[in-house]
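To keep things clear, I will list the structure first and then write my remarks on it.
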There are 2 protein chains.
Amino acid sequence: MRITLIGSGNVATHLGAALKNAGHQIVQVYSRGAQNAALLAYHIKAEPTADLWQITPDTDLFIISVNDDAIDSMAAALAVHQKPIVHTSGAAALQVLLKYTDQAGVFYPLQTFSKNKEIYFRKVPLCIEGAYEDLTIELIQLAQTISNKVSIVNSDQRKILHLSGVFACNFPNYLYHAAQQLLAQHNLDFNLLRPLIAETAQKVEHRMPADVQTGPATRGDEKTMAAHLNLLQNEPDLKEIYVLLSQAIIKMGQR
Amino acid sequence: MRITLIGSGNVATHLGAALKNAGHQIVQVYSRGAQNAALLAYHIKAEPTADLWQITPDTDLFIISVNDDAIDSMAAALAVHQKPIVHTSGAAALQVLLKYTDQAGVFYPLQTFSKNKEIYFRKVPLCIEGAYEDLTIELIQLAQTISNKVSIVNSDQRKILHLSGVFACNFPNYLYHAAQQLLAQHNLDFNLLRPLIAETAQKVEHRMPADVQTGPATRGDEKTMAAHLNLLQNEPDLKEIYVLLSQAIIKMGQR
């Protein structure tokens, strides 16, 4: 396919590379920042542009991969070209695009992307939604050229997936940070904890989290929990988090 | 070495297997439950016993790997044999053993162990403490026969490590569970989320968590956070967790 990328952030970068590697032609990369557009465009052999008026209608698909707040104005600008437009957001509804075009869809990769960290895109779940069946099929076929994990997911489900991702990714990463800060305060090396983090995630690759829950709250070990709260007496924020999550784990065992 | 294992839970099982595989002789396995003792003893070619009076002094080291509350009474019973005694607990102080014997130490594996899930023990950090230098050295040498990650860690530091482990392992696993429950309520497959969990943990293998934090709270994306809280309106516990952790992430960005 001939594809135009709107945006040059983490998602646009990884998705653009995956599409390029799968043999698609990236026609143009648009980004408000000319330098970002140029950098990504160089990597995926596309034409960069920072000017909306330079965007050519000579493409098969526009992929909008920008901040949620900017999707609306991009869709408004691109609709004149009368080509299919998809966005890559977990939180934005299909409706945002349908205001401007019937040829609307979603191409949501459920993964956390970082600059300078490669990802094996064939394992990234792609959640597809199309405004009509032919477009859905076309988007699924495109998705399958870059991923083995393609699903049809409607806007309501996608919002739940996105919310679940916050619980399964953003919040755990914050807790890694909290742990790392505790260690640093006592001159302990974060490396001591890294194998535990890796194993905790690996455990749920083939099991349900409820089946592998461990720790003092699971055992109802009040003595250890009291000792932990005592260690956190100068960390009111962490103490509150400790209490709330321990209570939730205790409830989980009671169900 | 000739080693006697006290306990037959997850830690005793994985540690016993690692020691056996490294060429040590496991003399006896003691467990209050005769069946548990027999099962583990069979696997590591030791003599099982459920009777404290059957424990032989003909050993080089007692490893107590039982619930924290039971360490004290085990140490009291074993001290008569006048052999070194270590426990494997992250939360219990060395002091618990020193009440009964000078030959006291700690052999704490900082990892989460599950029944029926193999672990590559050479990557498990072992935190060692000895009551005197010769014992510390002896324990370090023993630890190095089964792990490449051996550190000397005193009781205060070990308590911090244990607490950090709750933040880095037990709490994230609970959040995986919360995410899985949200998906299940909307007939969505947990498999959709598993690559995200794996990638989130992998990211911090070589980076600091603060450097790879993503999500709406990091971006200060109030609109998405409000939409998420709206989706959680029938889940007061998850809503409270969402607010508290999002606030913590926002604070983290401000530092």
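The values are calculated or read from the model by the stated rules, or taken from the named source; none is laboratory data. On a predicted model such as this, the values are computed, not experimentally measured, just so you know. For neighbour counting, all protein chains shown are included, and Cβ atoms are generated from backbone atoms with ideal geometry for every residue, glycine included. Areas reflect the complete protein model, heavy atoms only, side chains present, ligands, DNA and RNA absent. Shrake-Rupley method; radii C 1.70, N 1.55, O 1.52, S 1.80 Å.
Hey, does the range B:232-253 have a residue that's more than 7 Å from every other protein chain (Cβ to nearest Cβ), farther than 25 Å from A:ALA93 by Cα and small (Gly, Ala, Ser)? Yes, the range B:232-253 contains a residue that is more than 7 Å from every other protein chain (Cβ to nearest Cβ), farther than 25 Å from A:ALA93 by Cα and small (Gly, Ala, Ser).
Residues in the range A:147-175 that are in a loop (DSSP other than H, G, I, E, B) and of a type in the set (A, V, I, L, M, F, W, C): A:VAL153 only.
Scanning the range A:176-210 for residues that are more than 7 Å from chain B (Cβ to nearest Cβ) and part of a loop (DSSP other than H, G, I, E, B) yields A:ASN187, A:ASP189, A:HIS206, A:ARG207. Looking at (1) closer than 22 Å to B:GLY33 by Cα; (2) away from chain A (no Cβ under 14 Å); (3) open to solvent by 10 Å² or more (accessible area, probe 1.4 Å), which is the one condition that is false for B:ALA70? Every listed condition holds for B:ALA70 apart from (2). Within the range A:157-165, is even one residue facing chain B (nearest Cβ under 7 Å) and farther than 23 Å from A:LEU94 by Cα? Checking the range A:157-165: not a single residue is facing chain B (nearest Cβ under 7 Å) and farther than 23 Å from A:LEU94 by Cα. Take A:ALA226 and tell me if it is facing chain B (nearest Cβ under 8 Å), part of a helix (DSSP H, G or I) and small (Gly, Ala, Ser). No.
Total residues in the range B:110-125 satisfying the condition of being more than 10 Å from chain A (Cβ to nearest Cβ) and not charged (D, E, K, R): the figure is 1. With a requirement of 1 or more residues that are touching a His at 6+ places or on another chain (Cβ under 9 Å) and under 16 Å from B:VAL153 (Cβ atoms), the strands (runs of 3 or more DSSP E) lying completely within the range B:29-130 that satisfy it span B:104-109. Residues in the range A:1-28 that are open to solvent by 10 Å² or more (accessible area, probe 1.4 Å) and part of a strand (DSSP E or B): A:ARG2, A:GLN25, A:VAL27.
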